[in-house]
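See structure below.
What follows is calculated from the coordinates using simple rules that are stated; it is not laboratory data. Only a predicted model underlies this, so the values are computations on that prediction, with no experimental measurement involved. Here Cβ is always computed from backbone atoms with ideal geometry, including for glycine, and neighbour counts include all displayed protein chains.
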Amino acid sequence: MTEIVIIGAGECGVRAAFSLREYGHDGAITLIGAESALPYERPPLSKAMDGTEKPIRPADAYDTAGIDLVLGTDVARIDPEARRVFLGNGVDLPYHMLLLATGARARLFPSLRGCLTLRTDSDAEAIMARLAPNTRIGIVGGGFIGLELAATARATGAKVTVVEAAPRLLARGVPTEIASIVEARHRTAGVEIRTGTGVSSATNRTITLADGETLTFDAVIAGVGSVPNTELAADAGLAVENGIRVDEWFRTSDQRIFAAGDCCSFVWRGTRVRLESWKAAQDQGAFVAAAMLGRTNDGGYRHVPWFWSDQYDQSLQVAGLFDADSPVQQRDAGQDKRIVFQCDAENVLVAAAGIGPGNSVSKDIRILEKLIERGARVDPSVLADPSLNLKRLLRAA
């Protein structure tokens, strides 16, 4: 029987393992995770932080599906010629095909050593232990993770300061029109925000700004992005380019080794990208499982990048990838909501974003996501008109 080994038991790896069974693979599947905990969802780590883990699948589901789940085990190296995976405990496993779903780790520059970071359940526990009324929390980075942590910390009564080097918050991937609403909501909640402010160094208790000023806190958290875990791939001689380089079917430079999730870079509509997204991990996990079994279409991967963030009473959703140098149009969505979108030079819809209370923008963003997936051409002035029925537009596409 065909043996498939998956390295990485996060959202992507787990989705791939179960999808292989759903697509009819009856050979051995071994899923290897470095953490000892049953594979769990990571989005709640920065949003809920209630101390409970949400398993991706219940423990007995792995046995039922015939998936050999190996936890608390590091992979030492891969031998592509022998088609074997060597574990840190001395055990080695043969494979017919291999999937690298090794994810990413929190980025921590040398100048930020000592700061807390958020990537695992143990990281969340360490942060949660420091959140209490009137504790002073410093956050380096005004991206999704930093701002979600800021909202969570304020909910506990902590005093929060966010320091961001860029001129505005959420500078990567979110238009100014949406980011300004997020910033205003944080300021209303009492968060001190310093944008356009460089950080020369930070410790677990201090942030020293580029101008020499030092801020003192009870805890400092660094949320400055992530680094793809590519070391195993590089050591095995696989191509690496801002992640493990894969083709449109998520094959690496070795045709029997695939990569998916946060660890890989792939081409989406002519641009090589790497996504850090729960939804992308799910989509890619299912797609790569089909690809490994030769059950994909000839067009390759087509899922639209999709992100979301819950902060306070607001939900932010983004579909597609915005070009920071191109204009953004606004669609009137009502007093408490805002929806923006972007078209390319041929009026093909390429990106959309919305923010509002609860799930108030979810339906509209979902329709716009489908339009992006279909490569729909739209008249921006017509799409901006709130009287246009989006469902009717989707049917016409």
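Numbers at a glance
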quantity	calculated
Length gained when the stretch LYS363-THR214 is fully extended (0.36 nm per residue, less Cα-Cα span)	49.1 nm
Förster-model FRET efficiency, 25 Å R0, ASN297 and VAL348, C-beta, rounded to 0.05	0.75
Value of relative contact order over the stretch 110-222, rounded to a whole percent, pairs C-alpha under 8 Å and six or more apart	33 percent
Hits among lysines - C-alpha to C-alpha of LYS370 under 21 Å, sequence gap 8 or more where chains match	LYS279, LYS337, LYS391
For TYR40, residues with placed amide H under 5 Å, excluding near neighbours	ILE56
Overall dimensions of the stretch 110-222 as given by Cα atoms, namely Rg and Dmax in Å	13.1, 35
Mean separation of Cα contacts under 8 Å (6+ apart) over length of the stretch 313-396, as relative contact order %	32 percent
Extension gain from VAL382 to GLN335, taking 0.36 nm per residue of separation minus the Cα-Cα distance	14.9 nm
Neighbour-count ranking [beta-carbon atoms within 10 angstrom, fewest first] of HIS303, HIS25	HIS303, HIS25
Rg/Rh for the stretch 190-258, where both radii come from Cα atoms and Rh is the Kirkwood radius	1.26
At R0 = 41 Å, FRET efficiency that the Cβ-Cβ distance of ASP74 and ARG395 yields, to 0.05	0.20
Kirkwood-Stokes translational diffusion coefficient of the stretch 207-360, alpha-carbon pairs, 10 °C, 1.306 mPa s, µm²/s	87 µm²/s
Packing-based ranking, highest mean first, of 273-281, 203-211 given that Cβ atoms within 10 Å are counted	273-281, 203-211
Contact order relative to length of the chain, as percent, for alpha carbon pairs under 8 angstrom and 6 or more apart	14 percent
Convex hull volume of the chain per residue (C-alpha atoms, cubic angstrom)	147 Å³
Two-decimal Rg to Rh for the stretch 313-396 - Kirkwood Rh, Cα set	0.93
The chain - charge dipole about Cα centre, Lys and Arg +1 at Cβ, Asp and Glu -1, debye rounded to 20	740 debye
Segments 284-292, 150-158 sorted - mean Cβ within 10 Å per residue, highest first	284-292, 150-158
